[in-house]
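Participant: Sharing a structure below in structure tokens format, with a few things to ask.
The values are calculated or read from the model by the stated rules, or taken from the named source; none is laboratory data. This one's a predicted model, so the numbers in the text were calculated from it and none came from an experiment. Because the Cβ atoms are built from the backbone with ideal geometry, glycine has one as well, and the counts that use them run over all protein chains shown.
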Amino acid sequence: MKTKSLFFVLNFLFAGMICYGQQTTTITMPTSARQYVESGNLLIELSRIGDDKAEEKGNLKDAIDKFTQAIKVDPTFYEAYERRGWAKYILEDYKGSLFDYNKAIELNPNNSSIYLSRAYTKIALDDNIGGIKDCNKAIELDSQSWEAYFLRGGSKHVLGDARGALIDYNTAIKLRPDDARIYISRAKAKGILGDNSGAVADLTKAIEINPKDAASYFIRGYDKYQLGDKDGACWDWSKAGEMGYQDAYSYIQKYCK
């Protein structure tokens, strides 16, 4: 119902007229690049509401059309390329997204967030080295970007550099100490490096922040088992299974007899 109501309002805005009782206010159609971008941004926000995947996809495609119109009006408006790149990323058009981020950076080479967004796209294309380079640039431009450290740590982790990942996760946590995802990632790096006690501590913190994440219980169970805490491990796996983490039961069957 909420999705349909917002869609109705948005259609009214684009149609050019909103009525308030006896008074009618005329709304002009977008003509400037900024207006087209704002219209596209509204469509992206609309795509996040509700569970209708076809409607979400349609809103994102309409958003891309608005950003394209903005570019036609002003080919030097970097934000239109940036936002179109983001919409394409959500639609998993990673090559198209990369093209737009490249153009946005060409037009505005000193914007940290564009490098960060392009890093996500490169990583989606399995270019972790390229992703790390873009995170490096994002950090150079904004040393407080916790997300750039977090993302760079993830790429280092994938490439087998658990120690380098750990350093980046440490920095990300200093900048954003209440994000469970970072603690989970750091726990995985610590586990690879043999610091199972540290991993358990990080996963306990992650569960404290987000007690509804079954994966945290499952991973913590593994680290507890490595430390010889069989009862604690089996309890965590049981909890993970109870929360819907199906793989937990195979571990219970194998290790909790």
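Participant: Among the residues that make up segment 179-202, is at least one of them closer than 30 Å to ASN110 by Cα, of a type outside the set (Lys, Arg), modelled with pLDDT of 95 or more and surrounded by fewer than 19 Cβ atoms within 10 Å (Cβ to Cβ)?
Facilitator: yes
Participant: Kindly check whether there is at least one residue in segment 67-74 that is under 19 Å from the mean Cα position of the chain (by Cα), within 18 Å of PRO30 (Cβ to Cβ) and modelled with pLDDT of 95 or more.
Facilitator: The answer is no, given that none of the residues of segment 67-74 is under 19 Å from the mean Cα position of the chain (by Cα), within 18 Å of PRO30 (Cβ to Cβ) and modelled with pLDDT of 95 or more.
Participant: Ok, one more. Residues of segment 147-161 being surrounded by fewer than 19 Cβ atoms within 10 Å (Cβ to Cβ) and touching a helix residue (DSSP H, G or I) at 6+ places or on another chain (Cβ under 7 Å), which ones?
Facilitator: If the condition is that a residue be surrounded by fewer than 19 Cβ atoms within 10 Å (Cβ to Cβ) and touching a helix residue (DSSP H, G or I) at 6+ places or on another chain (Cβ under 7 Å), then VAL158, LEU159 are the ones that fit.
Participant: A further question on this structure: Which pairs turn up if I take residues in segment 174-201 that are touching a residue at least 24 places away in the same chain (Cβ under 8 Å) and within 19 Å of LYS212 (Cβ to Cβ) and look for partners that are among the aromatic types (Phe, Trp, Tyr) and in a helix (DSSP H, G or I) with beta carbon separation below 6 Å, at least 6 apart in sequence or on another chain?
Facilitator: ILE182/PHE150; ILE182/TYR169; SER185/TYR169
Participant: Tell me, yes or no, whether segment 103-120 has at least one residue that is at pLDDT 95 or above, more than 17 Å from the chain's Cα centre (by Cα) and among the basic types (Lys, Arg).
Facilitator: yes
Participant: Another question about this same structure. Could you check segment 110-155 and list, in sequence order, the residues that are in contact (Cβ under 8 Å) with a residue 24 or more places away in the chain and among the small types (Gly, Ala, Ser)?
Facilitator: Selection gives SER112, SER113, SER117, ALA119, ALA124, GLY131, ALA138, SER145, ALA148, GLY153, GLY154, SER155.
Participant: Is segment 54-74 home to any residue that is out of contact with any helix residue (DSSP H, G or I) (no Cβ under 7 Å at 6 or more places or on another chain) and outside any helix (DSSP H, G or I)?
Facilitator: No, segment 54-74 contains no residue that is out of contact with any helix residue (DSSP H, G or I) (no Cβ under 7 Å at 6 or more places or on another chain) and outside any helix (DSSP H, G or I).
Participant: Is it the case that some residue within segment 158-168 is assigned by TED's automatic domain parsing to the domain that holds ALA248, in a helix (DSSP H, G or I) and in contact with a Leu (Cβ under 9 Å, 6 or more places away or on another chain)?
Facilitator: No, the conditions are met nowhere in segment 158-168.
Participant: Checking ALA233 against (1) closer than 30 Å to ASP134 by Cα; (2) of a type in the set (A, V, I, L, M); (3) more than 25 Å from the chain's Cα centre (by Cα); (4) buried (at least 17 other Cβ atoms within 10 Å of the Cβ): exactly one of these is not met. Which one?
Facilitator: Failed condition: (1).
Participant: I'm told ASP168 meets every condition in (1) over 30 Å from LYS122 (Cβ atoms); (2) surrounded by 14 or more Cβ atoms within 10 Å (Cβ to Cβ) except one. Can you identify the failing condition by its number?
Facilitator: (1)
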